[in-house]
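A.B. asks: First, the structure itself, so that you have it in front of you.
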Amino acid sequence: MRSLPSNHVPYRLAGAIAALSGSGMLLRIQRQPFTTLQGFIVIDGLSCLVLITAGLLMFTMPAHWRRLGQLAALGIAILSGHLAGIAMGLLVTLIVSERWRERGAGLALAAGYGLIGWLASSWHVNASGDGLNSLSFILLLAGTAIAAGILDLTTSKRGPFEPLATLAGIAAVLRLFSVGSWNLGWQLAMLLVGGMLAISTAWRAATATEPLETEEWLQRSLSGLALTATGCASPAGVAAAGLLLLQLTFRRLAQPTAGTAAWAGWLLAGAVPGTLGFVAFWSASAAAMAAGVPVLAIVVWATALLCMLAASRHMQGPGRWSSAASALAGLVLGLAAPALARWLLRPLSDHLQGGLTPYGTIEPWGWAGLLALDSGARTVATAPGLALSALMGLFGALVWLISRWRGWV
Amino acid sequence: MSDLLGTFGQGWPRLLLYPGGLSAVLAALLLARVRGIRQMEPLTAPRLIDLLPPLSAIALLPLAPAAAFAYSLDLLTAVTLLLWPELRRAAAERCDPNQLAAQYLPTFLAALALVSAAGTFELSGLLRWPPSPMRQAAFLLGAGAWIVAIPRLAPPQPHLAAACSALGLMLVGILPLSAAINTITVAPAWLSVAAAMAIALAGIAASCRLPVQWGYGWAIAALVATSGVLLDSG
């Protein structure tokens with residue numbers, strides 16, 4: 001096994017510390033967010049999710065001083081209970097990016113939060129709802145869409161996908177639910193921009209010929225789906241966005257373009273029910289259905305099928321342990337989705353509850369899988385991942401026995 | 001976990017006899033024969049793996065008179081399981097995405113009509129006849145568009161996994177048809193399923209002979225009805 005170059009160690013160590021501290025804090029904030037220093041530090045479900053994913057993403061990027069700066073600034077933004085802290089953290093996270101587009105996005109995000117603070121009666125996140133305004137929302141939406149790569153759709157020259165910048169953008173719009181509730185126009189704008197980004201990038205991924213290009217478009221599509229789910233402004237949408245961010249992280253950890261065994265590639269593609277990818281796609285579509293927007297739900301599902309097709313077209317090369325381990329971890333997390341929903345997704349949606357509508361929740365279905373419920377607590381979608389896997393295992397054993405007995409295989 | 005084992009223990013006729021297991025394999029072979037496949041490929045290990053997702057989806061369909069099963073599927077999960085052999089083929093043969101989009105578009109429009117009328121992704125929702133005339137129209141047109149689109153969605157392939165895939169897609173299409181038959185007659189549930197199956201088989205056979213534009217025509221009609229439903233509920 002190759003040893004890690006010594007100059008990589010601080011970056012990986014920083015990533016491990018962020019991911020582990022995010023996981024550790026999650027245990028502390030299961031019931032309610034942890035607030036300290038007179039409200040300047042707030043640790044909630046969103047903080048923990050962002051720290052965990054940002055920490056894991058540090059393992060997927062080349063070592064560079066910018067990454068450490070981005071991680072530290074994103075940590076400050078997501079742990080800050082003060083709008084100035086959020087604005088500064090987001091600004092620094094994106095301003096140290098390589099490209100001018102991301103830097104512009106950082107300015108837009110910082111201006112959006114700065115304007116909210118300027119107009120609100122308080123700069124504390126939980127008491128600044130009266131400062132929410134359409135201009136701030138437009139700035140935040142534009143900044144997030146640019147960070148997720150919407151401008152790359154308009155040019156023939158494709159830039160690299162920057163996962164920390166994208167994560168910062170998605171975290172910025174999710175944090176807006178802590179400030180206050182959105183109006184219907186904002187929701188519609190988010191759904192349109194997110195949906196357009198998701199399906200356009202999924203189509204680019206499906207039609208791209210180079211594996212690396214496909215992978216980058218695919219990751220942008222996952223980001224677009226996360227924005228679409230966020231636009232549902234419901235606990236189900238927030239949970240779906242969290243699952244999509246986790247799927248994005250696992251795809252980056254697996255790096256299937258560098259070589260993957262076919263079985264691992266299929267598990268990572270999200271085409272196998274019970275895997276993390278499938279649960280993430282399903283939850284985004286189910287959130288749209290629970291919000292009463294069937295057109296969006298079908299568009300999201302079409303996007304998911306395009307993503308599955310794009311991912312499955314470029315499985316190649318020798319299997320690598322990192323790809324296999326990520327695929328297996330994705331399978332375990334997908335099968336353990338009910339536990340994930342209780343442990344990670346429920347704090348995420350509960351702590352943002354103040355800004356969310358009641359139009360849809362995703363609940364554990366015993367140990368068998370997940371359920372999506374609408375505002376009237378009626379079931380609108382079911383994903384019995386564990387039950388389905390057990391059934392397929394049972395059928396597999398039976399068919400194998402019959403085939404051996406008949407001498408077919 | 002004991003719930004899961006108990007459910008499998010009580011639901012074995014559904015898994016092994018009807019609608020999954022033996023009856024699914026026999027019906028899939030029959031459907032393949034109707035669609036012109038005379039000789040099936042021998043079963044190999046990859047083909048056996050391809051067979052499992054569609055077979056599992058068929059076993060969990062809410063078809064009368066099979067006993068209820070605690071862990072039901074929704075349309076998204078069922079369609080993903082049923083399209084597994086096609087997805088594998090599209091990936092292996094590097095099918096043109098433009099061509100795939102043309103094939104799948106009528107099915108997405110049909111699915112939109114069905115879920116808009118039913119108000120849920122749950123397959124059991126497709127068994128409930130909707131109350132308003134606009135939703136009823138979307139329901140029936142959606143079912144028709146779904147069935148007409150099947151031959152292009154799952155073209156005949158000489159192996160059991162593809163045959164099960166086509167059968168499963170057809171069975172999803174007969175759920176709203178059987179709901180309609182149940183509403184206009186007092187026939188037993190199994191008879192309405194059989195009648196819906198006969199209608200679906202005739203629809204598939206007819207659509208194989210009709211030009212591709214017919215599929216789009218159905219889908220557009222379903223879309224028009226869906227827009228009526230959406231405006232109605234808005």
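Quick note: the coordinates plus some simple rules give every number you see, no bench work behind them. This one's a predicted model, so the numbers in the text were calculated from it and none came from an experiment. Note that each Cβ is placed from the backbone with ideal geometry, even for glycine, and that neighbours are counted across all protein chains shown.
A.B. asks: If we count every other residue with Cβ under 15 angstrom of A:Gly55's Cβ, Lys/Arg +1 and Asp/Glu -1, where does the sum land?
C.D. replies: Values: positive: A:Arg12, A:Arg67, A:Arg252; negative: none.
So the surrounding residues net to +3.
A.B. asks: Under the definition of partner shielding as Cβ atoms of other protein chains within 10 Å of a residue Cβ, what is the mean value for peptide A:376-387? Walk me through the numbers before you get to the answer.
C.D. replies: Working: counts 0, 0, 4, 7, 8, 10, 11, 6, 10, 2, 3, 11.
Average per residue, whole number: 6.
A.B. asks: Within 14 Å, Cβ to Cβ, of A:Leu167, how many net charges do the neighbouring residues add up to if Lys/Arg are +1 and Asp/Glu are -1?
C.D. replies: On the way: positive: A:Arg67, A:Arg175, A:Arg220, A:Arg251, A:Arg252; negative: A:Glu102, A:Glu162.
In short, +3.
A.B. asks: Taking every residue in B:40-46, how many Cβ atoms of other protein chains lie within 10 Å of its Cβ, on average?
C.D. replies: Details: counts 0, 0, 2, 6, 3, 4, 1.
For peptide B:40-46, the averaged partner shielding equals 2.
A.B. asks: For helix A:45-57, report the angle its Cα long axis makes with the longest principal axis of the Cα atoms of chain A; keep it between 0 and 90° and round to the nearest 10°.
C.D. replies: Long axis of A:45-57 versus the principal axis of chain A: about 60 degrees.
A.B. asks: If you don't mind, another one. Can you pull the mean other chain C-beta count within 10 Å for peptide A:264-271?
C.D. replies: Mean inter-chain Cβ contacts per residue within 10 Å come to 2.
A.B. asks: Moving on to the next point. For chain A, what is the largest minus smallest coordinate of the Cα atoms on each principal axis, given in angstrom and ordered from greatest to least?
C.D. replies: Computed over chain A, the largest-to-smallest principal extents equal 77, 54, 42 Å.
A.B. asks: Please state the charge dipole magnitude for segment A:1-180, taken about the Cα centre, from unit charges on C-beta atoms (+1 on K and R, -1 on D and E), reported in debye and rounded to the nearest 20. All intermediate terms of the calculation are to be shown ahead of the outcome.
C.D. replies: Numbers: 12 positive and 6 negative charges, 95 e Å.
Around 460 debye, computed over segment A:1-180.
A.B. asks: Under the rule of at least 5 residues apart or a separate chain, name every residue whose amide H is placed under 5 Å from the amide H of A:Ile41.
C.D. replies: Hits under the 5 Å cutoff: A:Thr36, A:Gly81.
A.B. asks: About the Cα centre, and with charges only on the beta carbon of Lys, Arg (+1) and Asp, Glu (-1), how big is the dipole of the protein assembly as shown? Nearest 20 debye, please.
C.D. replies: Details: 35 positive and 22 negative charges, 206 e Å.
The calculated dipole for the protein assembly as shown is roughly 1000 debye.
A.B. asks: For helix A:276-290, report the angle its Cα long axis makes with the longest principal axis of the Cα atoms of chain A; keep it between 0 and 90° and round to the nearest 10°.
C.D. replies: The helix A:276-290 is inclined about 60 degrees to chain A.
A.B. asks: Evaluate the charge dipole of segment A:197-409 about its Cα centre and quote only its size in Debye, nearest 20, assuming +1 on the Cβ of each Lys and Arg and -1 on the Cβ of each Asp and Glu. It would help to have the intermediate numbers written out before the result.
C.D. replies: On the way: 11 positive and 7 negative charges, 84 e Å.
Roughly 400 debye for segment A:197-409.
A.B. asks: Please report the net charge: other residues with Cβ closer than 11 Å to the Cβ of A:Glu363, K and R +1, D and E -1. Please report the intermediate quantities before stating the final value.
C.D. replies: Numbers: positive: A:Arg342, A:Arg346; negative: none.
Value of the local net charge: +2.
A.B. asks: Per DSSP H run of n ≥ 4, the term is -39500 (n - 2.57); total these for chain B, divide by its residue number, and report the mean residue ellipticity at 222 nm rounded to 500 deg cm²/dmol. All intermediate terms of the calculation are to be shown ahead of the outcome.
C.D. replies: Numbers: 11 runs with 171 residues, N = 234.
Only helices count here, giving -24000 deg cm²/dmol.
A.B. asks: Now, a different point. If we count trypsin sites (Lys or Arg not before Pro) as exposed when they sit in a DSSP loop and have at most 11 other beta carbons within 10 Å, what is the longest stretch of chain A that avoids them all?
C.D. replies: Details: sites that count: A:Arg2, A:Arg31, A:Lys157.
The longest uninterrupted stretch comes out as A:158-409.
A.B. asks: For a quick check: sort A:Thr35, B:Thr80, A:Thr303 by the number of other beta carbons within 10 angstrom, fewest at the front. Numbers along the way, then the final one.
C.D. replies: Details: A:Thr35 16, B:Thr80 24, A:Thr303 27.
Ordered from fewest to most neighbouring Cβ atoms within 10 Å, A:Thr35, B:Thr80, A:Thr303 come out as A:Thr35, B:Thr80, A:Thr303.
A.B. asks: To make sure I understand, if each residue's beta carbon is the centre and we count other beta carbons within 10 Å, what order do A:Ile86, A:Ile76 fall in, fewest to most? Write down the numbers at each step before the final one.
C.D. replies: Details: A:Ile86 30, A:Ile76 17.
Fewest-to-most Cβ neighbours within 10 Å comes out as A:Ile76, A:Ile86.
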